[in-house]
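**Q** Right, I'll just put the structure down here and ask away after.
The values are calculated or read from the model by the stated rules, or taken from the named source; none is laboratory data. Not measured: the values here are computed from a predicted model. FYI the Cβ positions are ideal-geometry reconstructions off the backbone, even for glycines, and counts take in every protein chain you see. Remember, those area values only see protein heavy atoms, side chains included, never the ligands or the DNA or RNA. Shrake-Rupley method; radii C 1.70, N 1.55, O 1.52, S 1.80 Å.
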Amino acid sequence: MVGESDASDDPRWGGPVGRAGWWLWPALLALVVGAAGVGHAQPWRDELATWSAAGRPLPDLARLVGAVDASAGPYYLLAHGWTAVFGDSVTALRAPSVLAMAGAAGLTAVLGGRLFGRRAGLLGGLLFAALPGTSRYGQEARPYALVTLFAVAATLALVSALRRPDRAHWAAYAITVTALGLAHLVAVTLLAAHALMVLGGPDRGRWRRWLLALTLPAVALTPLALLARGQRARQLSWVDPARLGELPGLPGSLAGSAAVGGLLVGLALVGAARPARRRWGLLMLAAAGLPAALLFAAGVVTAVWVPRYLVFTTPFLCLPAGALLTSVRLPAALAVLGVTALLGLPAQLDLRRTHDWPRSAPVDYRGAARIVAAGQRPGDAIVYSPRDGFLFLDIGLAYHLGPDRPRDVLVTRDQRQAGDLWAVECDRPARCLTGVNRVWLVVADQPTGPLTDPVADPVAALPAAKEAALRDGFSPTGRWTVPGVSVTLLVRAAD
């Protein structure tokens, strides 16, 4: 059985590795790196969906997840409680993810200590903390950091239950797997690797205990899975089928940098192949690879292939990599960590500039809001296009402008009233614009609609009824552009 006796008997690895709380070093590193510049990049569209959901009363939040985004419902509930206490600033929205990634780094070290010894656990945890992807999803107001935390916690709980198969340990495993699935349903693909871990032991009764422990997750997650399945066509309408050509880029996507991803995979493969504790090294590779293989296979036939859903697998690559680094002297191991950090530095800086994806097509909600705020007058109205899709222009400007923003004049039911992420507009725009003298027209400069030249004539980008209503009696008096958005001020001509 794996022990930790090799943790502190090597003078090259004394000091923090041999002390209680050694696993806090990766957690502290992840916390410091994740907190650095956490509020610099403005919320992108997925985070705006979180803000919209979190700010609703609980009955309205329940209506929302009953219509769309059910898989994120538990996370939205957490965000609702969090923002009620700590507010909805960018930093406050992202703080739970920062804390979750710090916890994941610490637990990664603990898991590595159980499987490969403390030195490997410490290095694996530090490596995970240094990844740009860890910072990227640790600075995002979405559930991915929590999923990563629960993925490592569930695996650690399973290892503990296999070593000491009493009720308390199996109950802890059942609870953490339930939390994992509630954080994101895709993460239950990790159970395929857990099955291999259970399979490898001589005790045949462990299969029965494992399956019994999965009763709680099955009961808790089945209703959520059925609800999410019914929403898949709408929620993931933007997802393309999985293609084999995307797989080589997966490590870089998860690690946050192609160079870092390639280095991590190389270290993990060599580390897992080492004779010492090869079984656990291969099982960690399975924990990283099987969820990706299952999601890809499903993505070939249905719209589910979203690489960032697999962020929770990166700690399992870091552990065999950490085990490999224990075979060299401390300065060499630290040098590898330093090279990883340097390779990831451009990505670290980039993610603090924008969270938009792709980064080549950012949407500057904050810049557009500043334009409107600078010229807004009492009685002004605002019109958005497009209203469908996932750019969420209306939510983005609402976040940055606050309650004193211009009236969204075409809306008959806002997102809260509609129980959705999208507002409902009136079908006769000209009537809704009656009595309005100034309209701020906010149009997405993105290839998501029939937008050809928004700067020259943004009104032409609108659906026919909107275009006709705004051309009848309104004239543009000012036009501005920021990345991804055009803002035009339309004023009604005097009679």
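**Q** Take region 410-426 and flag every residue that is crowded, with 19+ Cβ neighbours inside 10 Å, farther than 26 Å from W357 by Cα and of a type outside the set (A, V, I, L, M, F, W, C).
**A** Answer for region 410-426, where residues must be crowded, with 19+ Cβ neighbours inside 10 Å, farther than 26 Å from W357 by Cα and of a type outside the set (A, V, I, L, M, F, W, C): just E425.
The rows are residues; the columns are (1) out of contact with any Gly (no Cβ under 6 Å at 6 or more places or on another chain); (2) under 30 Å from P275 (Cβ atoms); (3) open to solvent by 40 Å² or more (accessible area, probe 1.4 Å).
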site	(1), (2), (3)
T91	no, no, yes
A102	yes, no, no
A105	no, yes, no
L122	yes, yes, no
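**Q** Continuing with the same structure: Just to be sure I understand, how many residues within region 135-154 are open to solvent by 10 Å² or more (accessible area, probe 1.4 Å) and not charged (D, E, K, R)?
**A** Let us first name the residues in region 135-154 that are open to solvent by 10 Å² or more (accessible area, probe 1.4 Å), namely 136-137, 142, 144, 146, 149-150, 153.
Next cut, not charged (D, E, K, R) only: 137, 144, 146, 149-150, 153.
Matching residues across region 135-154 total 6.
**Q** Moving on. Can you run down the residue pairs with Cβ atoms below 8 Å, 6 or more apart or on separate chains, where the first is in region 262-276 and under 17 Å from G117 (Cβ atoms) and the partner is of a type in the set (D, E, K, R) and open to solvent by 20 Å² or more (accessible area, probe 1.4 Å)?
**A** A272/R278
Residue-by-condition table, conditions (1) surrounded by 15 or more Cβ atoms within 10 Å (Cβ to Cβ); (2) of a type in the set (A, V, I, L, M, F, W, C); (3) under 30 Å from V152 (Cα atoms):
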{"residue": "V328", "(1), (2), (3)": "no, yes, yes"}
{"residue": "P331", "(1), (2), (3)": "no, no, yes"}
{"residue": "V336", "(1), (2), (3)": "yes, yes, yes"}
{"residue": "V339", "(1), (2), (3)": "no, yes, yes"}
{"residue": "W357", "(1), (2), (3)": "no, yes, yes"}
{"residue": "S360", "(1), (2), (3)": "no, no, no"}
{"residue": "V363", "(1), (2), (3)": "yes, yes, no"}
{"residue": "D408", "(1), (2), (3)": "yes, no, no"}
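**Q** Now, a different point. Could you please let me know if R229 is more than 30 Å from V65 (Cα to Cα) and among the basic types (K, R)? Full working, then the answer.
**A** Values: more than 30 Å from V65 (Cα to Cα): no; among the basic types (K, R): yes.
No.
**Q** So, one more: Checking the conditions here, which among A430, A398, A464 is open to solvent by less than 30 Å² (accessible area, probe 1.4 Å) and out of contact with any His (no Cβ under 9 Å at 6 or more places or on another chain)? Lay out the reasoning, then the answer.
**A** Values: A430 fails: open to solvent by less than 30 Å² (accessible area, probe 1.4 Å); A464 fails: open to solvent by less than 30 Å² (accessible area, probe 1.4 Å).
Checking each option against the conditions leaves just A398.
**Q** Considering only residues that are within 22 Å of F86 (Cβ to Cβ) and part of a loop (DSSP other than H, G, I, E, B), which ones fall in region 111-153?
**A** Q139, E140, A141, R142, P143
**Q** Within the bounds of region 173-186, is there any residue that is in contact (Cβ under 8 Å) with a residue 24 or more places away in the chain and open to solvent by 70 Å² or more (accessible area, probe 1.4 Å)? Reasoning before the result, please.
**A** Start the filter on region 173-186 by keeping residues that are in contact (Cβ under 8 Å) with a residue 24 or more places away in the chain, which leaves 173-186.
Keeping just the survivors that are open to solvent by 70 Å² or more (accessible area, probe 1.4 Å) gives 175.
Yes, some residue in region 173-186 is in contact (Cβ under 8 Å) with a residue 24 or more places away in the chain and open to solvent by 70 Å² or more (accessible area, probe 1.4 Å).
**Q** Out of (1) loosely packed, with under 15 Cβ neighbours inside 10 Å; (2) assigned to a helix (DSSP H, G or I); (3) not β-branched (V, I, T), what's the single condition that is false for L191?
**A** (1)
**Q** Which condition number in (1) within 24 Å of L285 (Cβ to Cβ); (2) touching a helix residue (DSSP H, G or I) at 6+ places or on another chain (Cβ under 8 Å) is the one that L224 fails?
**A** (1)
**Q** Further question on the same structure: Here are the criteria: (1) open to solvent by less than 20 Å² (accessible area, probe 1.4 Å); (2) in contact (Cβ under 8 Å) with a residue 24 or more places away in the chain. Tell me which single one A157 does not satisfy.
**A** That leaves (2) as the condition not met.
**Q** Which condition does G281 not pass, out of (1) open to solvent by 40 Å² or more (accessible area, probe 1.4 Å); (2) assigned to a helix (DSSP H, G or I), if it passes all the others?
**A** Evaluating G281 over (1) open to solvent by 40 Å² or more (accessible area, probe 1.4 Å); (2) assigned to a helix (DSSP H, G or I) leaves (1) as the failure.
**Q** Continuing with this model, one more query. Specify which of the listed residues (G375, G367, G379, G402) is within 25 Å of R428 (Cα to Cα) and small (G, A, S).
**A** Values: G375 fails: within 25 Å of R428 (Cα to Cα); G367 fails: within 25 Å of R428 (Cα to Cα); G402 fails: within 25 Å of R428 (Cα to Cα).
The unique qualifying residue is G379.
**Q** While we're on this one: Consider R232 carefully, then state whether it is touching a Phe, Trp or Tyr at 6+ places or on another chain (Cβ under 7 Å) and part of a helix (DSSP H, G or I). First the steps, then the outcome.
**A** Values: touching a Phe, Trp or Tyr at 6+ places or on another chain (Cβ under 7 Å): no; part of a helix (DSSP H, G or I): yes.
It is false that R232 is touching a Phe, Trp or Tyr at 6+ places or on another chain (Cβ under 7 Å) and part of a helix (DSSP H, G or I).
**Q** Checking R234 against (1) open to solvent by 50 Å² or more (accessible area, probe 1.4 Å); (2) over 22 Å from A79 (Cβ atoms), only one condition comes out false. Which one?
**A** Evaluating R234 over (1) open to solvent by 50 Å² or more (accessible area, probe 1.4 Å); (2) over 22 Å from A79 (Cβ atoms) leaves (2) as the failure.
**Q** Say whether the condition of being in a loop (DSSP other than H, G, I, E, B), of a type outside the set (K, R) and touching a Pro at 6+ places or on another chain (Cβ under 9 Å) is met by at least one residue in region 154-176. It would help to see each step written out before you state the result.
**A** Residues of region 154-176 in a loop (DSSP other than H, G, I, E, B): 164-166.
Narrowing the set further to residues that are of a type outside the set (K, R) leaves 165-166.
So of that shortlist, the ones also touching a Pro at 6+ places or on another chain (Cβ under 9 Å) come out as none.
No, that holds for no residue.
**Q** Right, another one. Residues of region 39-54 being surrounded by 18 or more Cβ atoms within 10 Å (Cβ to Cβ) and part of a loop (DSSP other than H, G, I, E, B), which ones?
**A** Correct list: A41, Q42, P43, W44.
**Q** Right, here's the next one. Give A381, A321 a once-over and let me know the one that is open to solvent by less than 10 Å² (accessible area, probe 1.4 Å) and in contact with a Gly (Cβ under 9 Å, 6 or more places away or on another chain). Give the derivation first.
**A** Details: A381 fails: in contact with a Gly (Cβ under 9 Å, 6 or more places away or on another chain).
Just a single option satisfies the conditions, and that option is A321.
**Q** Still on this model: Any chance you could count how many residues in region 467-480 are surrounded by 14 or more Cβ atoms within 10 Å (Cβ to Cβ), assigned to a loop (DSSP other than H, G, I, E, B) and touching a residue at least 40 places away in the same chain (Cβ under 8 Å)?
**A** Residues that pass the stated criteria total 0.
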